Each structure stands twice: as structure tokens, then as C-alpha cells.
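Data first, discussion second: the structure below is written as C-alpha cells.
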Amino acid sequence: MTSPDPRSPLVFDTRVLGRRAGSMEIFDVDAQLSMEMGTDVIAVPEGDVIHVDLRLESVLEGVLASGTVDAVAEGACGRCLEPVSLPVQAEFLELFAYADRAAHHQQLGDDETDQCVLEGSLLDLEPVLRDAVVLALPFQPTCRPDCPGLCSECGQSLTADPDHGHDIIDPRWASLQSLAAGEGSDTSSPHIAQEKRN
């Protein structure tokens, strides 16, 4: 695991809190993403700026980080495939344990594999924000709630042409239709020829 970069706007030095339980600091941060946050369907693009309202609170076991992250996600509508841009706001709450406290719990067999641990005095908030944003994103984004999507027959957008449709023949009647069409046009049938001679 690489150490947090103290120059990153999402890495915070907790020495401002000391280790006095109850001490608190509030941060209002705009940060440019070094990597996209999201899924294959919709994500906050790399290079975009997210806004973070953060509260760091010193507790007995470590530093409690809480707040909200605001961003704009880009993707494609799950129905019509048109581009979509959706505002996202996600809440987060995570305890970053002091390294010595985490080691103590590990010795006691209470190790939590998903536990966040401070790297010295540094707190890297980016993984927490990434998880929060992914959970806040819609599983199937849509350009609007009533998007009609695409025609299942030809793929044309039904938004552009609401009256679009196809005459679909029930396959159970298809053979009868071809038979009817054949009777109306086939004058070379022996039966028809016999009627003409009569």
C-alpha cells in the first residue's frame, strides 16, 4: 500500500486535532479528481472537481470523519443511450483508527479487514469518498424518469418520434397470410384453369 500524498487536497493531517477526545476541525474543500469515481455505466470523470464538507473529530480509537461530497456524474441513459449528467450528493461516516490502537486490536484477534487506519498522522479520505459516491449512483441512470427508450424492432429513439411503430404480424397467422396472398395472385393453378374451361 502506498503512503498518502500530503499534497493531495483529500489527505488531511490530523495533528491539528492532537489526540484529545472531543476536539474537532471542519473543512470545506474543492478537490480535483486524479481518477474517476463510479461504475462502467456512470461516473464522476477524472479531472472533475468535487466539493467536500468534512468534519474531523478526535475519539478514543482514532479520528472520526463525517460529512458530504457533491459531484456531477456523467454517463449514458439506460433506456435511450443518450448522454446524461446527474448531480450526486453522498454522505459518509468513517473511523480512521490510530495505528497503535489498530495493532492492539489485531493482537487481540479483533482485526477488521475493512478498517481504515491513519498513516502516521495522515488521513486519506479519497477511498471513503469513492465508496460513498459509487453507492449513491443510480444502478440504471435515465435522462428523465419517463424516458420511453428505443424501439425494440429497429432501435430508433422513441423520444424523437413518439408515434413510431411497426405493423407486427403474429407469427401464428403468417402462413395463412402468405396463403391468402398466393390465392389472390396465382392464376396458373390447375383448379382455376379447369374452371375457365368449364
For all pairs of alpha-carbon atoms in region 59-99, what percent lies in each bin of width 10 Å, listed from the first bin to the last filled one? 24, 29, 21, 17, 9, 0
To the nearest Å², the heavy-atom accessible area per residue of region 22-76 with 1.4 Å probe amounts to 48
Spelling it out for Thr142: with amide H atoms placed in the peptide plane at 1.01 Å from N, the residues 5 or more places away or on another chain with amide H under 5 Å from its amide H are Gly78
Inter-probe distance in nm under a simple model that places probes 7 Å from Cα toward Cβ, at Val134 and Met35: 1.0
So what are region 1-47's ellipsoid semi-axes, whole angstrom, largest first, if each one is the square root of 5 times an eigenvalue of the alpha-carbon gyration tensor? 28, 13, 11
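Counting Lys and Arg as +1 and Asp and Glu as -1, each charge on the Cβ, what is the dipole of region 57-96 about the Cα centre in debye, to the nearest 20?
Using only the charged Cβ atoms, the result is roughly 220 debye.
The values are calculated or read from the model by the stated rules, or taken from the named source; none is laboratory data. The shown structure was predicted, so the numbers you read here are calculated from the model rather than taken from an experiment. Quick reminder, even Gly has a Cβ in these numbers, built from the backbone with ideal geometry, and neighbours come from all protein chains shown. These accessible areas exclude ligands, DNA and RNA; they are computed on the full protein's heavy atoms, side chains included. Shrake-Rupley method; radii C 1.70, N 1.55, O 1.52, S 1.80 Å.
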